[in-house]
Amino acid sequence: TSDWNGNPYVILRNPQGASARISLHGGQVMSWKNEHGEELLFTSSKAVFKPPKAMRGGIPLCFPQFGNCGSLEQHGFARNKVWAIDNNPPPLPPNDSNGKSFVDLILKPSAEDLKCWPHSFEYRLRVALGADGRLSLISRIRNVNGKPFTFSFAYHTYMSVSDISEVRIEGLETLDYLDNLFHRERCTEQGDALTFESEVDRVYLSCPNAIAVIDHAKKRTFVIRKDGLPDVVVWNPWDKKSKAMTDFGDEEYKHMLCVDGAVVEHPITLKPGEEWTGRLEIVVVPSSFCSDH
Ligand code: BG6
């Protein structure tokens, strides 16, 4: 680990030169670069890098609560905590480590966390960078409590895009979603693919396990694969909301899009001793690759 903006972090590299930087503050992936050194995740120029605030960008982990429907602070406390390196994680299937550079982190609740959420858990996070540059995150959350507990979850993924009006998402057509801009009203997606011309804050329900975010101007596509994460949150604050956020530039909404693998509609309940696993994998491919294959 080294220090970046006052936060300890770990850097992963693959032989082709791709890299990922993971901050122990929040267990948050703060940078993911391809083999040409291009940044693939968005971080605001106004982001604040000091605990206990979450950093605006990268991949914050929303746990044990997504959003503000619950008794906890918005998106839960995991993203505001300092995580530890897990030197002795329980084994994962060989596919989760073969040919990859990876780091294992762990979060356990502090006495203060237990006051606002009285459930003991162990949250193990593996972040891995593949030989082909793909980024994967595996979350394993175990109930080490005497009683069941329930949580919602999201990998709040800020993708860097060249121009939001040139971006479309494929894979969410015809699905139902909860619209956070209209009191979580349940609606059905009508269009062919999702495009952006105003604020969007939605939770798409029971989504397929592969979603494509196509950046026309950059001619590249983020392919998101997920497992254990039925919902997909799509968020862009657009102009008015951007101006209201102190840690976000007024024009930055044009260059970011959050597409999160999540568990929102039906939260997970873990009995004592049970463990839940949620996997997210993102790979960036040239856009022509997607239409040809
Ligand atoms: C999104 C929510 O996932 O996160 C939005 O759907 C929210 O409603 C956004 O504004 C950012 O949240 P925060 O707490 O990081 O400012």
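The values are calculated or read from the model by the stated rules, or taken from the named source; none is laboratory data. In this text, all values refer to a predicted model and were calculated from it rather than measured experimentally. Cβ atoms come from the backbone with ideal geometry, glycine included; neighbour counts cover every protein chain shown.
Points to keep in mind about this one:
- Extreme residue, nearest to Asn209 (Cα to Cα), among residues of the stretch 256-276 that are within 16 Å of the ligand (Cβ to nearest atom) and either among the hydroxyl-bearing types (Ser, Thr, Tyr) or surrounded by fewer than 20 Cβ atoms within 10 Å (Cβ to Cβ) (or both): Glu265
- Output for the stretch 21-39, where each listed residue is within 18 Å of Tyr253 (Cα to Cα) and crowded, with 22+ Cβ neighbours inside 10 Å: Met30
- Residue within the stretch 191-202 that is loosely packed, with under 13 Cβ neighbours inside 10 Å, touching a residue at least 12 places away in the same chain (Cβ under 8 Å) and more than 25 Å from Ala244 (Cα to Cα) present: yes
- Test: Val264 is in contact with a helix residue (DSSP H, G or I) (Cβ under 8 Å, 6 or more places away or on another chain), of a type in the set (A, V, I, L, M) and in a strand (DSSP E or B): no
- Selection within the stretch 42-86 - at positive phi, part of a loop (DSSP other than H, G, I, E, B) and within 12 Å of the ligand (Cβ to nearest atom): Gly58, Gly67, His75, Gly76
- Listed by position, the strands (runs of 3 or more DSSP E) contained in the stretch 150-232 that have at least 3 residues being of a type in the set (A, V, I, L, M, F, W, C) and within 19 Å of the chain's Cα centre (by Cα) are 210-215, 220-227.
- Tally of residues being outside any strand (DSSP E or B) and either at pLDDT below 95 or buried (at least 23 other Cβ atoms within 10 Å of the Cβ) (or both) across the stretch 140-149: 2
- A count restricted to the stretch 101-126 and to residues that are assigned to a strand (DSSP E or B) and under 14 Å from Ala78 (Cα atoms) stands at 8.
- Looking across Leu137, Leu178, one residue alone is at pLDDT 95 or above and closer than 29 Å to Glu122 by Cβ. It is Leu137.
- Beta carbons closer than 9 Å, at least 6 apart along the sequence or on distinct chains, pair a first residue in the stretch 146-159 that is within 15 Å of Pro60 (Cβ to Cβ) with a second that is of a type in the set (Ser, Thr, Tyr) and within 11 Å of the ligand (Cβ to nearest atom) for Tyr158/Ser44.
- Of all residues making up the stretch 221-251, the number that are away from the ligand (no atom under 13 Å from the Cβ) and surrounded by 20 or more Cβ atoms within 10 Å (Cβ to Cβ): 5
- In the condition set (1) among the basic types (Lys, Arg); (2) under 24 Å from Arg79 (Cβ atoms); (3) away from the ligand (no atom under 16 Å from the Cβ), Lys218 is compliant with all but (2).
- Sole exception among (1) in contact with a Lys or Arg (Cβ under 7 Å, 6 or more places away or on another chain); (2) surrounded by 16 or more Cβ atoms within 10 Å (Cβ to Cβ); (3) within 21 Å of Phe248 (Cβ to Cβ) for Tyr177, by number: (3)
- In the stretch 26-34 there is at least one residue that is more than 24 Å from Ile85 (Cβ to Cβ), modelled with pLDDT of 95 or more and in a loop (DSSP other than H, G, I, E, B).
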